[in-house]
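None of the figures in this text is laboratory data; all of them are computed from the coordinates on show. Fair warning: this is a prediction, and the values are worked out from it, not measured in the lab. Methodologically, a virtual Cβ is constructed for each residue, glycine included, from the backbone with ideal geometry; neighbour enumeration extends over all protein chains shown.
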Amino acid sequence: MPVWQILFFVAAMAFLVVMSFWSVKSFRLTPDFTFANWIKMYGAGYFQDTYLRTVLYASLAAAVSSAIAFPCAFGLAFRVSPNVRRLIVFMLMTPYFTSYLVRSYSWKIVLTENGVLNTLFGWIGLGPFDMTSNLFATMVGYLTLILPIVILLQYFSLVNVDRNLIEAAHNLRCGRLRTVFVIIVPAAKIGIILAATFAFILSFGDFVSPSFLGGSKPPTLSILMVDSVKSGSQWPRAAVVALTMVFTLLVVAFAALTLAYGSGKRGR
Amino acid sequence: MQKTRDKRGRISRRRFIEGTTALAGVAAAGLTLPRKSNAQSQETINLLSWPGHGAQDVIGPFEEATGYKVQAKEYTGGEEMIALLQSSPPGTFDVVLSDAEYIHQLQQAGLIDELDPGDYPLDDYWPEFQKFPSHWVDDKLYSVMVDYGFLGMVYNTEKLTREEVDSYAVMWESKVEGRVGMYDWYLPNMMCLSLYQGNRPPHDIDDKTFEDLKKMLFSLSGQMSGIGVWSSVFSQLTNEESWVMPGVGAWAALLLENDGVPIKAVVPKEGGLQWTESLSIPSSSQKKDLAVKLIQYLTSPEGQVREATKSAYWASIPNKEGWKLLNETMPEAAERLEHRFDKRNVMDEFKEGKIHIRNIPAQQDIEDWNEAWTEFKNM
């Protein structure tokens, strides 16, 4: 385990850090020790805007996916028979048998002006609605990537909630809805937070949805990273973006873990 | 002798840095460089090119006739091509296909060899292309044109009329609000806007004009439907998300037309850009004789016809003998490519002076233009 961590995380990260201080001369990566890349990127208004936007997009994706996933995961954990549950869990895994790129791209058939949805809306006298190259399309792409995982993680957490607690709440005349928010959600808190964290992490680094469905305008950090390399071979600046992303994700992951496990230290 | 290890046999710092630079270069090249194997190293020609040139429909007859294998590494932008050449181990590529605007950079960096004009059928080329300025430095030939095309705008013929797209001004019309698309590369888009601004040549502008150009670009933000890579551009045009796109030409329109999409290309009254693709031999190639043979094939009439009608995209060709063969064997393609001798053809547009060679910025750094592009995308 430590060997793998050193090889694939620590060493790669160290290389990224070193590269962020290198320079590019005539499109050629040149060893150097300059802060120019950091100053350039952190001083650029477009980088600050893009950073904020990416954090907001990923947060929104985590919130929306958690909200949509919860009723599904709840029904799966408490309402359906074991056979149906097995079938649905299997079906939630099947999207990952296909490339995410293909799945995202196929949304274009549904969302464009002449697409399936607008055709249906047209039949009832509505639309056409602009559903591509905007935040809505990007979110649809993000949900394509993360929703099944969020449902599954929430389900695994909910299914392990102690049924005696729920029964006790009912015996004490606690209403159904109140039982969900007072008993079930706190008991499944760890899974729910981890699911949202996964959603944030995957959306934060995603390139496919904001570029192919969102139209690259405005861009996210992953697009900015690709742009840095594509036109100017600015690998060091791409490294600055990448390190910023890694650092952000580490902060978010630690904050989420603290939130999930931290408040467990209650007084006896 | 170069000292690479110290007394204890440890690798010196210089050697380590050289090694890591090379490693970084390989990483930057995407780890997908053509591989050498002992069995193939004698007969494989490694080509670095835009997509499509290494496909079987283009180089199949050459491979069959000679027994050599052409292995292509594809790139999607001129700067990426230079970076790949710079960072790859010597001898990785034997032939490089480049846009004309990068030939001087390649030559100045010592990355490509001088060519012998006698090796290639330049006398069969249209006179305009026999001594194409970008390909010659100090009267020495460094690159041979293989195909070219014009960039202006492409538009949806069901949404816009030919008259409406006669000027780049159409992009600011309320009719196309949210319907202007662009390919994600600063160069063709900003050069077309520079033409609209009245700059001749469009790439050679002073800083004040460049600031005005940026403002003009930024003013298009509200009109945009999206910016994307080629797959995304094609999908935007097909799905009618974008009705008009600057910096794109007949090569894309013809591909879409083949699929029944109502898209046509136009060179607006302010003029258009010429893109050219030409072949050079990297200085570090170990198989320069084979490289010459591949270039000879691609500039021969048969190679030219294959280049003109390649499945990746159609293009105009500079060799008149190629035009003749195209008219004889594929008259319909000659018609659609406007390569007929007996009626108005693509060379007329060139002769009328509406076409300017696409070039990299002359008075500003590429980085400044790139940054303006990134800012625009952020709006």
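Averaged over peptide B:224-233, the number of partner chain Cβ atoms lying within 10 Å of each residue's Cβ comes to 5. The long axis of helix B:207-218 is offset from the longest Cα principal axis of chain B by roughly 70 degrees.
Place a +1 charge on the Cβ of each Lys and Arg in region B:230-311 and a -1 charge on the Cβ of each Asp and Glu, then give the dipole magnitude about the Cα centre in debye, rounded to the nearest 20.
Working: 7 positive and 9 negative charges, 81 e Å.
For region B:230-311, the charge dipole is close to 380 debye.
Mean partner shielding of peptide B:366-379, defined as the number of other chain Cβ atoms within 10 Å of each residue Cβ, is 5.
When only C-alpha pairs under 8 Å and at least 6 residues apart count, what is the relative contact order of chain B, in percent?
23
Farthest toward the positive end of the dipole of region B:36-124, out of B:Gly54, B:Ala83, B:Leu115, is the Cα of B:Ala83, where the dipole comes from beta carbon charges about the Cα centre. Listed values for region B:366-377 are Karplus-derived 3J(HN,Hα) couplings in whole Hz (6.51 cos²θ - 1.76 cosθ + 1.60, θ = phi - 60°), namely 3, 4, 5, 5, 4, 5, 4, 5, 4, 4, 4, 5, and x replaces Gly and Pro. From its DSSP helices (H runs of at least four residues, each -39,500 (n - 2.57)), chain B gives a residue-normalised ellipticity at 222 nm of -11000 deg cm²/dmol.
With r as the distance between the Cβ atoms of B:Glu173 and A:Val18 and R0 = 60 Å, compute the FRET efficiency 1/(1 + (r/R0)^6) and round to 0.05. Intermediate results must be reported in sequence, preceding the final value.
Values: r = 50 Å, r/R0 = 0.84.
Efficiency, rounded to the nearest 0.05: 0.75.
In degrees between 0 and 90, to the nearest 10, how far off the longest principal axis of chain A does helix A:221-232 point, with axes built from Cα atoms? Helix A:221-232 and the main axis of chain A meet at about 20 degrees. For a straight C-alpha distance cut-off of 15 angstrom, the aspartates and glutamates reachable from A:Lys108 (same-chain residues fewer than eight places away being disregarded) are A:Asp130, B:Glu240, B:Glu241. Relative contact order, whole percent, for chain A stands at 28, derived from Cα pairs under 8 Å and 6 or more residues apart. Protection proxy ranking of A:58-67, A:242-251, by the mean of other Cβ atoms within 10 Å over each peptide's residues and highest first, is A:58-67, A:242-251.
Couplings 3J(HN,Hα) for region B:127-138, derived from phi with the Karplus relation 6.51 cos²θ - 1.76 cosθ + 1.60 (θ = phi - 60°), are x, 4, 10, 5, 10, 4, x, 5, 8, 10, 10, 6 Hz, where x marks Gly and Pro. Each of A:Ala58, A:Gly175, A:Tyr42 was scored by the projection of its Cα onto the charge dipole of region A:40-262, and the greatest displacement toward the positive side belongs to A:Gly175; charges sit on the C-beta of Lys, Arg, Asp and Glu.
Inter-chain Cβ neighbour count for B:236-243, averaged per residue, equals 4 (cutoff 10 Å, partner chain atoms only). Relative to the 2.2 N^0.38 Å rule of thumb, region A:40-262 has a C-alpha radius of gyration ratio of 1.18. The share of C-alpha pairs in region A:132-225 whose separation exceeds 22 Å stands at 46 percent.
Helix A:135-158 and the longest principal axis of the Cα set of chain A meet at an angle near 50°. Relative to the Cα centre, the charge distribution of region B:163-295, modelled as +1 at Lys and Arg Cβ and -1 at Asp and Glu Cβ, gives a dipole magnitude of about 480 debye. Averaged over residues, the count of other Cβ atoms within 10 Å places the peptides B:117-128, A:211-222 in the sequence A:211-222, B:117-128, highest first.
For chain B, the share of DSSP beta bridges that are antiparallel, to the nearest 5, is 65%. Of the chymotrypsin sites (Phe, Trp or Tyr not before Pro) found in region B:259-348, the ones in coil according to DSSP and having at most 13 other Cβ atoms within 10 Å of their Cβ are B:Phe341. Sequentially through region B:166-180, phi angles give Karplus couplings (6.51, -1.76, 1.60; θ = phi - 60°) of 6, 9, 4, 4, 4, 5, 9, 5, 5, 4, 10, 4, x, 10, 9 Hz, Gly and Pro residues having no value and appearing as x.
The lysines within cross-link reach of B:Lys287, meaning a Cα-to-Cα straight distance under 24 Å and a gap of 8 or more places when in the same chain, are B:Lys36, B:Lys69, B:Lys73, B:Lys140. By the helix-only formula, in which each DSSP H run with n ≥ 4 contributes -39500 (n - 2.57) and the sum is divided by residues, chain A has a 222 nm mean residue ellipticity of -21500 deg cm²/dmol.
Scattering from the protein assembly as shown was approximated by placing one identical point on each alpha carbon and applying the Debye formula without solvent; log10 I(q)/I(0) at 0.07 1/Å stands at -0.55.
Report note on the peptides A:86-96, B:187-197: ranked by the mean count of other C-beta atoms within 10 Å, highest first, their order is B:187-197, A:86-96. Using a cutoff of 8 angstrom between alpha carbon atoms and counting only pairs six or more residues apart, the relative contact order for region B:225-379 works out to 19 percent. Between amide H atoms placed 1.01 Å from N, distances below 5 Å from B:Ser283 occur with B:Ile112, B:Asp113, all of them 5 or more places distant or on a separate chain.
Of all lysines in the structure, the ones whose alpha carbon falls short of 28 Å from that of A:Lys189, not counting any fewer than 8 places away in one chain, are A:Lys265.
What does DSSP give for the protein assembly as shown in terms of the percent of beta bridges that are antiparallel, rounded to the nearest 5? Write out the running numbers ahead of the final one.
Details: 30 of 46 bridges.
The answer is about 65 percent antiparallel.
Grab every C-alpha pair in region B:268-351, bin the distances at 10 angstrom width from 0 up to the longest one, and report whole percents. Bins of 10 Å from zero give 16, 42, 29, 12, 2 percent of pairs.
The per residue volume of the convex hull around the alpha-carbon atoms of region A:18-162 is 211 Å³.
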